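I have placed the structure first, in the form of structure tokens, so that the comments after it can refer back to it.
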Amino acid sequence: MFKSIVESFTNIFKKPVTKNYPAETIKHFPKYRGLIVYDVNECIFCDKCEKVCPPKAIVFHQNEDGTKEYNYNEYLCIYCGECVRNCPKTDQALTHSENKPEIGIKDNFLVTNWKKLYNDAKQSRIDYKNLKKAKKEESS
Ligand code: SF4
Ligand code: SF4
């Protein structure tokens, strides 16, 4: 009892262990990976990042003209860094940024539409394969 009273009094004069984030900046832990940054100009569209992503937070949409679009859900991402590690253009197409996620701001479009966006992207690949097959058959 006496011990807890003393501890309570000493805690009154101690600095709080919590930080007033984001007003007060927090030092990164030594192994902090940070956010994932993608550069379309460096990407060779090999899809490796999509294949290795455990929560399926990356998906490429295949356009009919042969181009691909990168889609990334930062709310699904667990920041494991597998995509960056496996990217043949690590530190160019995919990099870790020192930045922290913004707190309390959610991109509702991504959150509510991700499942559809993901399924559409997967379907676009099947459609593209079929389109190529049909064109090949037509020309032969
Ligand atoms: S960091 Fe991990 S979870 Fe996030 S996109 Fe890359 S592979 Fe997926
Ligand atoms: S692994 Fe790298 S190069 Fe390949 S698609 Fe992903 S970002 Fe582009």
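The values are calculated or read from the model by the stated rules, or taken from the named source; none is laboratory data. Keep in mind the model is a prediction, meaning the values are calculated, not measured. Cβ: placed from backbone, ideal geometry, glycine included. Neighbour counts: every protein chain shown.
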Members of the range 1-24 that are hydroxyl-bearing (Ser, Thr, Tyr) and surrounded by 10 or more Cβ atoms within 10 Å (Cβ to Cβ): 21
Only one of (1) modelled with pLDDT of 95 or more; (2) under 19 Å from the mean Cα position of the chain (by Cα) does not apply to residue 78, and that is (1)
Residues satisfying the stated conditions in the range 62-79, i.e. surrounded by 15 or more Cβ atoms within 10 Å (Cβ to Cβ) and either free of Cβ contacts under 8 Å to residues at least 12 places away in the same chain or within 14 Å of ligand 2 (Cβ to nearest atom) (or both): 62, 68, 70, 71, 72, 77
Within the range 39-66, residues under 19 Å from residue 78 (Cβ atoms) and more than 9 Å from ligand 1 (Cβ to nearest atom) come out as 48, 51, 59
Pair list, Cβ < 6 Å and 6+ apart or interchain, from the range 33-45 residues that are closer than 10 Å to residue 92 by Cβ to residues that are more than 6 Å from ligand 2 (Cβ to nearest atom): 42/92
